[in-house]
Amino acid sequence: MKEQEITNRAAIEDTGGDIDIRQLIYIFISKWYLFTISVIILMVAGYLYLKTQTPIYESKASVLVKVEQNAPEELFLLQDMGFSMGKNNIDNEIGVFKSPDLISRIITSLELYTTYRYSSRFGFHSPELYKKSPLYVRMEDVEPDKIPGTVIFTFNPKREGYSVDATFTQNGDERSKTVILDKLPGFIELPIGKFYVAAQDGVAYGNGSLEVVISNPTRVARNYIGSLSVTTFAKQSSLLEINLRTENRQKGEDFVQSLITEYNSDAVKDKNTVAYNTSVFIEERLKDIARELGEVEGQVEEFRKEFQVADIQTQVGSYIRKNETYDTRRMEIETQLNLVRYIDDFIKNPVNKNKLVPNLGLKDPSLVSLIGEYNTLLINRERIEGATSADNPALKQVNQQVNNMHQNIVTSLTNEIRASQIALNDLERENTITSSRMRNIPTVDRRYTDILRQQEVKSNLFVYLLQKREETNLTQAAVAPKAKLIAKPHSSGGPVAPKRTMVLAIFFLIGIAIPAAILFFIDYFQTKIEGMKDLESLTNSSVVGDIVKADGLNGGTSIVIKPNDDSVISEMFRTMRNNILFMTSERDFNIILITSTVPKEGKTFISINLARSLSLMDKKVLLVGADLRNPQLSRALGIPKREIGFSSYLAGHIQDYNELIEKVEPNFFVVQSGPIPPNPNELLSKVKTGEFFNSIRKEFDYIVVDSAPVGVVSDTFLLAKYVHATLFVVREGFSEKDTIQFINNLATDKRLKNIGVVLNHASFQKSHGRYKYGYKYSYRYRYGYAQGYGNK
């Protein structure tokens, strides 16, 4: 029997658990006003939240970068061997655009390290006054990149001048100071330095305090680098899109425009490095050649005065014609030798170790090509150093190549000097032979010829250097910008962050979710039956009625049905009675079993009043107390409790059941439960139970059986085969919602016959939706056994 009781409890615990979406929607719709209020509150909160956020705008520009790949042939050979080539590529150009030094220069030139805004109220965002501030503040006598920490000024206008609250950091400690400015322009003296303050023409002072923040440009540059995006439009493309996110659209556009301008300026400087160094070299050599040429011309003048030479050319004309070829050749070699020595002195000078080597006038093609490749390699190395760290393998490789090529140039220059010297020696030998043939030419003529030759060499070299200087200047002027502007800087029409639509949508959804969650959890943890609405999920059984709470039963009987009573509860019992009579309309179907799931649901109350209501129809009605474990009929009817009853008959202590029947009212009889037996389940399973019901059904029009709760014990199932209808009592606000599914299971399994459900303790006002929960519960009510049953 205990196993059967456990099965009953398990049947209740396993019921329910599924979520009824349709009913959940019904609950939400019925509480529409809660959703409306919540959405309004959350939308207002979302609007206020957006007021506290800083709007971010995106400034864009598109540029086409001219990428040059003019690496020396030696580097291409290294690339073929598997080594990385230190060439200029688009990734390097992107790195240059985001160079901290480049960004810092722009921040400093535009003074973006100083921000102006009016103090906000209630934590709302105050827009930055870029180029619209009524005041201008800068730090005097200190370079911007030397500004120590962040300095905050708060200007409060007074009748005359301003009261300024300054906050700054000194030696790691935050300090503050209040200063009064009587007139503008003026100065604010702080321990960290002096600040100049002036009024901006044409800008009126607004309402509130003006907050001025001055930061170190290097720190500001880091923030701009984080907000700056430089990307290619497509793979292997040199078309770049520059995006910058800033609080102020005009500031973003100005920054992007300055970034492109500064990038082109640096690119032009890089391209003009060779020409610039060549120009410097030419200027230095022109000074030396001019001085040397002046000295030679002075020697000519002194020679003519000393030796009174008027027309020496006529005197030595024939000699010059004979030696014209010799002089021309000697002049070319000496010119070339001087150029080579100039370059050799330049490259051997430690000061010029990493400078570009001037390449002009050399006749040796291999030496000219070698110097050009060396200069190109120096430029590429400088670009790589700006974009990578010193530990980069590519940079180390390029440094090694520079050192090797430098040594090759030195060796080539040395060889060129030796070759020129050998050529001069050969010419000298030829000249000695020729001079021996000219012993008759006066020594004066020979010395004068030497002086003129020196003068001509210096003069030709001077003219040559002047020509090269002009060519270098033309080269510098003809350099085109490296980044061609495709789309000028422009800003988005609205802020890209925060996204107002998304934020408001999120707050809208939260406004819907909050009341939905509250209603869900309120209804989720409301596991009690709350009204007739909860009984709609009954499947194979029907609701025969609902009974409101009866007042005035404390200390008295449970009988509320009276003759000729038109109260609400009497009408409800009449309605329920009629429905039950319809269920038992067939002939001889007159035994009605009344049960519930657990105690205190009102089954005894319903049993007594149903029996009384049937008796008022002039029908002979018997109320049987079949709840042997917890008999309550005598107390509920207000009659004395008898020592004998239904249990006495089943146990064989009473042979004639007529001894058990007692009259309560005309047509209303009762059989009490009797003493509580130790084995009620075994007693009800005896044959005498069937004999009892088969006998009394012939003597009474209706028999109402008050049985034990089926959710606690299995006694009632032993009586089910003798009854014709079952009235299952549930109590509003007390019975669990899982009881509905339990009743459905009983009807499906046909463990109880012809089930009708009655809602006890019903309320008129409540009209709750129904919802099934997987709430698990256990019944702690224990039916007790009477001690000394045998004695009784």
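The values are calculated or read from the model by the stated rules, or taken from the named source; none is laboratory data. Note that this is a predicted model, so its numbers are computed, not measured. Here the Cβ is made from the backbone with ideal geometry for all residues, glycine too, and neighbour counts use every protein chain on show. SASA here: full protein model, heavy atoms, side chains in, ligands and nucleic acids out. Shrake-Rupley method; radii C 1.70, N 1.55, O 1.52, S 1.80 Å.
Indicate the gyration tensor shape class of the stretch 211-290 (rounded, prolate or oblate), computed on the Cα atoms with a ≥ b ≥ c the square roots of the eigenvalues: a/c under 1.5 is rounded; otherwise a/b larger than b/c is prolate and the rest oblate. Oblate, since a/c reaches 1.5 and b/c is not below a/b.
Using a probe radius of 1.4 angstrom, the carbon and sulfur fraction of the accessible surface of the stretch 486-543 is 70%.
Heavy-atom accessible area with a 1.4 Å probe sorts ASP201, ASP344, ASP288, largest first, into ASP201, ASP288, ASP344.
Note on THR273 and ALA198: the extension gain reaches 22.9 nm, defined as 0.36 nm multiplied by sequence separation minus the Cα-Cα distance.
Determine the shape class of the stretch 524-641: with a ≥ b ≥ c the square roots of the Cα gyration tensor eigenvalues, call it rounded for a/c under 1.5, and otherwise prolate if a/b is greater than b/c, oblate otherwise. Rounded, because the longest to shortest axis ratio a/c is under 1.5. When a/c reaches 1.5 or more, the comparison of a/b and b/c decides; with that in mind, is the stretch 676-732 rounded, prolate or oblate per its Cα gyration tensor? Verdict is oblate for the stretch 676-732. Rolling a 1.4 Å probe across the protein heavy atoms gives the stretch 346-437 an accessible surface of 53 Å² per residue.
Using a 10 Å cut-off on Cβ atoms, rank the peptides 239-250, 519-530, 751-762 from the highest mean neighbour count down. Write out the running numbers ahead of the final one.
On the way: 239-250: 19.2, 519-530: 16.1, 751-762: 21.4.
Top to bottom by mean Cβ count within 10 Å: 751-762, 239-250, 519-530.
The distance linking the stretch 351-407 with the stretch 236-253 is 34 Å (Cα centroid to Cα centroid, whole angstrom). In this structure THR178 has an accessible area near 90 Å², from a 1.4 Å probe over the protein heavy atoms.
On a per residue basis, the stretch 102-182 carries 56 Å² of accessible surface, using protein heavy atoms and a 1.4 Å probe. Can you send over the carbon and sulfur percentage of the accessible area for the stretch 622-750, probe radius 1.4 Å, protein chains only? The value for the stretch 622-750 is 46 percent carbon and sulfur by accessible area.
Sort 293-300, 95-102 by packing, meaning the average of other beta carbons within 10 Å per residue, with the highest value first.
Numbers: 293-300: 14.5, 95-102: 17.1.
In descending order of packing, they fall as 95-102, 293-300.
Close amide H partners of VAL543, meaning residues 5 or more places away or on another chain with modelled amide H under 5 Å apart, are VAL757.
Note on LEU339: accessible area is roughly 10 Å² with a 1.4 Å probe, heavy atoms of protein only.
Ordered by 1.4 Å accessible area with all protein chains kept, LEU64, LEU633 run largest first as LEU64, LEU633. Using a probe of 1.4 angstrom and keeping all protein chains present, the accessible surface of the stretch 617-678 works out to 40 square angstrom per residue.
With N as its number of residues, the stretch 566-700 has a Cα radius of gyration that, divided by 2.2 N^0.38 Å, comes to 1.05.
Would you please put 348-356, 591-599, 147-155 in order of how densely packed they are, using the mean number of other Cβ atoms within 10 angstrom per residue and starting with the highest?
Values: 348-356: 11.9, 591-599: 25.7, 147-155: 18.9.
Highest to lowest by the protection proxy: 591-599, 147-155, 348-356.
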